[in-house]
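Structure first, commentary second.
The values are calculated or read from the model by the stated rules, or taken from the named source; none is laboratory data. Quantities reported herein were computed from a predicted structural model and do not represent experimental measurements. So basically every Cβ, Gly included, is an ideal-geometry build from the backbone, and we count neighbours across all protein chains shown.
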Amino acid sequence: MSRMVSVVLMMISFAALAGPAGGQVEDAAWLRLFDGKTLDGWKASENTGTFTVQDGAIVARGARSHLFYTGPVEDTQFTDFELKVEVMTEPGSNGGIYFHTRYQETDWPRRGFEVQVNNSFAADPRKTGSLYGMQDVRTDSAKDEVWFTEHIVVQGNHVTVFVDDKKVVDWTSEGRGLRGGTFALQGHDPGSTVRYRNIYVKPLPVLDFPIVDYHVHLKGGLTLDEAVAMSQQRGVKFGIAENCGVGFSTTNDAALQPFLKRLEGAPAYRAMQAEGREWVTMFSPETIAKFDYVFTDSMTWTNDAGKRMRLWIPSEVEIDDKQAFMDMLVERTVGILTNEPIDIYANPTFLPAEIADEYDTLWTDERMAKVIDAAVRNGVAIEINARYRLPSERFVRKAKAAGAKFSFGTNNGGRDDLGDLAYSLMIARRCGLTASDMFVPKPDGRKPIQRKGLPK
């Protein structure tokens, strides 16, 4: 099999993961709501057995129930958006897609709007695509036992609905407010069977700059070819990172050469994730400069008692006094941002599991300000990390006001979450980030290692 054929096949295999409904891949702004395998991120109301997953689709078959989206994308608060869902009905079936709703235990959803799914349910004259009770469609727009796409666009008080690219609803609210909320799929009755798959949302407004995921790892069997295919699919440039430092296989210049050679000519940035504080003694400035950028975090450091801690491993963390620990964390973070020749502060404001639930109180305004000031003074961009959902919106707003730059990072564990930047995109929209706020790798001669050198 040729490399080109291999890449094409991989792109096809990634389509269900990466592309919007209808099989057409558009851009990185489309976010997946259904993983095609489980009901993770969804919660059924009464009669939970009505919903199952079969052959990559959510199947609604049984007594009345509604399946509400409760996952992490946009924290379930969708106001302006595009939603695409592939649907297939069996003869005589009724269903629906709700938006701007919220979870309720029983009954038909009392909040929000329903887009009808009905090709041959004789008891209701409202056909597929109807904005139920607002603007009804009386003619057939889809057929049973054939997959079709419902595409819902909400902007302000204006709603449009397309069925297989044909506009069937164009409605503007003149009284009933469009307030935002989540989505829900309807299981209408025991005699109806409706399938839903390839559920993607594009929150609006769309960001005005190219989307780059600067924190990608070839883990869990993920190959470079697969990552390249995914990048091309979604229109997202990836920065492929090698973990370098104590605890990893790459601990010197020679060990870096295969990685650098492997990425030569690939349509991706070459990134160095510098691990632990010892990394500055393990690699030469010349080799570091071969990377497009370098990032590190403050998740590995030695406390005042001489204990080396990795904050993501609970057994290695010692916290006798929370406030003292936070002061030490801030001090170490400021030192890293000030002294180490890095481009991006990754996994920012991460807290060990023991105190993670106290993030909002432990990360005080004063502590945030110290870290932000160090990043801005030293020209270090702050990563908006999708895996850990860090830093908080409050931190990003403060950092933007201070003039910080930002990057996006999946920090993926393998294939399944590759390119999943939902949290990063949500925070960017909420905080009004623009192209001028975003990190761009420095050209050769202006990289931090070339300007600052290694710390003495």
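Those residues that are touching a strand residue (DSSP E or B) at 6+ places or on another chain (Cβ under 7 Å) and within 17 Å of T281 (Cα to Cα), I need them from region 252-263; list them, please. It would help to see each step written out before you state the result.
Start the filter on region 252-263 by keeping residues that are touching a strand residue (DSSP E or B) at 6+ places or on another chain (Cβ under 7 Å), which leaves 256, 259-260, 263.
Passing the criteria: only L256.
Among the numbered criteria (1) touching a residue at least 40 places away in the same chain (Cβ under 8 Å); (2) in a strand (DSSP E or B), which one does D420 miss?
For D420, the exception is condition (2).
Conditions: (1) of a type in the set (K, R); (2) touching a Gly at 6+ places or on another chain (Cβ under 8 Å); (3) surrounded by fewer than 22 Cβ atoms within 10 Å (Cβ to Cβ). K290 meets all but one. Number of the miss?
Just one mismatch for K290, condition (2).
Give me the strands (runs of 3 or more DSSP E) completely within region 280-339, filtered to those with at least 1 residues that are more than 20 Å from G453 (Cα to Cα), ordered by residue number. Walk me through it before giving the result.
Details: elements: 293-296, 300-302, 308-310.
Qualifying strands (runs of 3 or more DSSP E): 300-302, 308-310.
Kindly check whether there is at least one residue in region 33-47 that is at pLDDT 95 or above, of a type outside the set (V, I, T), over 20 Å from F99 (Cα atoms) and crowded, with 17+ Cβ neighbours inside 10 Å.
no
In region 148-156, is there at least one residue being surrounded by fewer than 20 Cβ atoms within 10 Å (Cβ to Cβ), more than 30 Å from the chain's Cα centre (by Cα) and either closer than 21 Å to L39 by Cβ or not basic (K, R) (or both)?
No.
Please find, within region 195-211, the residue that is farthest from L421 (Cα to Cα) out of those that are assigned to a strand (DSSP E or B) and not hydroxyl-bearing (S, T, Y).
Filtering region 195-211 down to residues assigned to a strand (DSSP E or B) leaves 195-203.
The next check asks that each one be not hydroxyl-bearing (S, T, Y); those that pass are 195, 197-199, 201-203.
Numbers: R195: 27, R197: 21, N198: 18, I199: 16, V201: 13, K202: 12, P203: 13 Å.
By that ranking, first place goes to R195.
With the condition kept exactly as written, say whether any residue in region 364-376 is polar (S, T, N, Q), in the same structural domain as K290 (by TED's automatic domain parsing) and buried (at least 16 other Cβ atoms within 10 Å of the Cβ). Give the derivation first.
At the first step, the residues of region 364-376 found to be polar (S, T, N, Q) are 364.
So of that shortlist, the ones also in the same structural domain as K290 (by TED's automatic domain parsing) come out as 364.
The next check asks that each one be buried (at least 16 other Cβ atoms within 10 Å of the Cβ); those that pass are none.
No, because not a single residue in region 364-376 is polar (S, T, N, Q), in the same structural domain as K290 (by TED's automatic domain parsing) and buried (at least 16 other Cβ atoms within 10 Å of the Cβ).
Identify all residues within region 100-120 that are out of contact with any Gly (no Cβ under 6 Å at 6 or more places or on another chain) and crowded, with 19+ Cβ neighbours inside 10 Å; write none if there are none. Break it down into steps so the answer makes sense when it comes.
Within region 100-120, the first condition is being out of contact with any Gly (no Cβ under 6 Å at 6 or more places or on another chain), and the residues that meet it are 103-111, 113, 115, 118-119.
Within region 100-120, P109, F113, V115, N118, N119 meet the criteria.
Restricting region 377-396 to residues that are of a type in the set (S, T, N, Q) and either more than 19 Å from the chain's Cα centre (by Cα) or within 12 Å of S407 (Cα to Cα) (or both), which is surrounded by the fewest Cβ atoms within 10 Å (Cβ to Cβ)? So that I can check it myself, show each step before the final result.
The initial filter retains those residues of region 377-396 that are of a type in the set (S, T, N, Q), namely 378, 385, 392.
So of that shortlist, the ones also either more than 19 Å from the chain's Cα centre (by Cα) or within 12 Å of S407 (Cα to Cα) (or both) come out as 378, 385.
On the way: N378: 18, N385: 26.
Ranking the candidates gives N378 first.
How about region 160-172: which of its residues are among the acidic types (D, E) and not in a loop (DSSP other than H, G, I, E, B)? It would help to see each step written out before you state the result.
From region 160-172, those among the acidic types (D, E) are 164-165, 170; that's our starting set.
D170 - this is the single residue of region 160-172 that is among the acidic types (D, E) and not in a loop (DSSP other than H, G, I, E, B).
Do we have any residue at all in region 263-275 that's assigned by TED's automatic domain parsing to the domain that holds R367, closer than 30 Å to E366 by Cα and among the charged types (D, E, K, R)? Break it down into steps so the answer makes sense when it comes.
Residues of region 263-275 assigned by TED's automatic domain parsing to the domain that holds R367: 263-275.
Filter once more, keeping what is closer than 30 Å to E366 by Cα: 273-275.
Among the residues that remain, those that are also among the charged types (D, E, K, R) are: 275.
Yes, that holds for at least one residue.
Return yes or no: is S192 more than 26 Å from the chain's Cα centre (by Cα), at pLDDT 95 or above, more than 13 Å from T89 (Cβ to Cβ) and surrounded by 17 or more Cβ atoms within 10 Å (Cβ to Cβ)? Steps first, answer last, please.
Working: more than 26 Å from the chain's Cα centre (by Cα): yes; at pLDDT 95 or above: yes; more than 13 Å from T89 (Cβ to Cβ): no; surrounded by 17 or more Cβ atoms within 10 Å (Cβ to Cβ): yes.
Against the criterion (more than 26 Å from the chain's Cα centre (by Cα), at pLDDT 95 or above, more than 13 Å from T89 (Cβ to Cβ) and surrounded by 17 or more Cβ atoms within 10 Å (Cβ to Cβ)), S192 does not qualify.
Quick check on my filter: what residues within region 48-59 are assigned to a strand (DSSP E or B) and exposed (fewer than 14 other Cβ atoms within 10 Å of the Cβ)? If you could, list the steps in order and put the result at the bottom.
Going residue by residue through region 48-59, those that are assigned to a strand (DSSP E or B) are 51-54, 57-59.
Within region 48-59, T52, Q54 qualify.
Does region 60-75 hold any residues that are at pLDDT 95 or above and outside any loop (DSSP other than H, G, I, E, B), and which are they?
Those that are at pLDDT 95 or above and outside any loop (DSSP other than H, G, I, E, B): A60, R61, S65, H66, L67, F68, Y69.
Among the residues of region 412-443 satisfying the criterion of being under 30 Å from S284 (Cα atoms) and at pLDDT 95 or above, which is surrounded by the fewest Cβ atoms within 10 Å (Cβ to Cβ)? Reasoning before the result, please.
To start, the set of residues in region 412-443 that are under 30 Å from S284 (Cα atoms) comprises 412-414, 438-443.
Still in the running and at pLDDT 95 or above: 438-443.
On the way: M438: 19, F439: 21, V440: 14, P441: 20, K442: 16, P443: 9.
Here the residue is P443.
Any residue that is part of a loop (DSSP other than H, G, I, E, B) and hydrophobic (A, V, I, L, M, F, W, C) - is there at least one of those in region 150-159? It would help to see each step written out before you state the result.
Here is the first cut: in region 150-159, the residues part of a loop (DSSP other than H, G, I, E, B) are 156-157.
If we keep only those that are hydrophobic (A, V, I, L, M, F, W, C) too, we end up with none.
Within region 150-159 (the criterion being part of a loop (DSSP other than H, G, I, E, B) and hydrophobic (A, V, I, L, M, F, W, C)), the answer is no, since none of the residues qualifies.
List pairs: first in region 76-104 and in the same structural domain as D144 (by TED's automatic domain parsing) and in a strand (DSSP E or B), second of a type in the set (K, R) and surrounded by fewer than 19 Cβ atoms within 10 Å (Cβ to Cβ), Cβ under 8 Å, 6+ apart or cross-chain?
H100/R111; H100/R179; T101/R111
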